[in-house]
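Notes follow once the structure below has been shown.
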Amino acid sequence: MGRFSRLLAPKFLAFSKIDDDGPILDAGCGTGSLTCELLSRTSQAMIVAVDISSAYIEYCRQNVSDHRADFDVADLTKLPFADCHFEQAYSQLVLDFVPDTVRAFEELFRVLKPGGRFAAAVWDARGGLVFNRMFLDTAAVLDEEAGVLRKKNFTRPLRQPGQLTQVALSAGFSGIRADELLIRTEFKSFADYWAPFDGKDGPIPAYYSKRPTDLRAKIKDAVRRAYLDGDQDGPRSYVAVALAISAVKIM
């Protein structure tokens, strides 16, 4: 999903109406897509980017050289910052993976200064992520375990419209705006589409790598036919929609 987070980041920050007030928290920075966009849209603010994955943090340290960015390992449910520390906090495509989403929102509220701004975005996995559904719906026909994965994928906390707003309100945020952010996921060929599923990151590659060899072959062939949709192999463009909110801490 890394290449798609890079596409989403500009639209997410445009929706969020970011300014140069700092410090700014990137909560769940991953490989640094949002951090880089934050740096490009500010000139003075310090960016503190955290992730629970030490591998991601090391990657960011090696690949993002701007002195205004600081990368650290941290758990979003136990942020290592004082109360009222940040002017702004942003979280893109991560809060729905945090085991205790309510606690994460409470922590983000805690570390923001009064008047501080917060924004978050997660994929609309059920209704707005075509390339993901293509794999899951196809595999679920062939394998019950894929059906289990599909259900888990579509029913994660925050992935239904309105849930981001509900949890943000319960954490104490006010002035909430909600919107849907649309990008297009572009693939050069089926091989380009399929490559991430043969990787190591994410629940789908983890599921696929553990299936028997013959079942993996059947799933890949069926997904390939879905991708081709009766046409020749080649480029495909699919819609991807993220659910987004922005909010303010008023105390």
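Nothing in this text is a laboratory measurement; each read-out follows from the coordinates by a stated rule. Owing to the predicted nature of the structure, the values given are computational and were not obtained by experimental measurement. Glycine also receives a Cβ, built like all others from the backbone with ideal geometry; neighbour counts cover every protein chain displayed.
Observations, loosely collected:
- Sparse packing (at most 11 other Cβ atoms within 10 Å of the Cβ) combined with a DSSP loop state is found for the following trypsin sites (Lys or Arg not before Pro) in the stretch 163-197: K188.
- Per residue, the convex hull spanned by the Cα atoms of the stretch 33-135 amounts to 135 cubic angstrom.
- Taking T77, T213, T138 in turn, the Gaussian network model of the chain (Cα-Cα springs below 10 Å) assigns the largest fluctuation to T213.
- log₁₀ of I(q)/I(0) at q = 0.12, 0.15, 0.23 Å⁻¹ - the stretch 85-182, Debye sum with one point per alpha carbon: -0.45, -0.65, -1.18
- Whole-Hz Karplus values for the stretch 196-202 come out as x, 6, 8, x, 10, 8, x Hz, taken residue by residue from phi with 6.51 cos²θ - 1.76 cosθ + 1.60 and θ = phi - 60°; glycine and proline positions read x.
- Full-stretch length increase - E145, K113 - with 0.36 nm per residue and alpha-carbon distance subtracted: 7.0 nm
- The loop-placed trypsin sites (Lys or Arg not before Pro) in the stretch 8-71, going by DSSP, that have at most 13 neighbouring Cβ atoms within 10 Å of their Cβ come out as K17.
- Nearest-0.05 FRET efficiency for L7 and A195, computed from C-beta distance (R0 25 Å): 0.90
- Near the amide H of C29, within less than 5 Å, lie the amide hydrogens of V50, D51, all on another chain or at least 5 residues away, with H placed in the peptide plane.
- Bins of 5 Å from zero: percent of alpha-carbon pairs in the stretch 113-251: 2, 9, 16, 18, 16, 13, 9, 7, 5, 3, 1, 0
- The alpha carbon convex hull volume per residue for the chain rounds to 121 Å³.
- Estimated FRET transfer efficiency when R0 is 41 angstrom, pair C84-N63 (beta carbons, to 0.05): 0.85
- Relative exposure of D221, D201, D51, D83, judged by other C-beta atoms within 10 Å (fewest first): D83, D221, D201, D51
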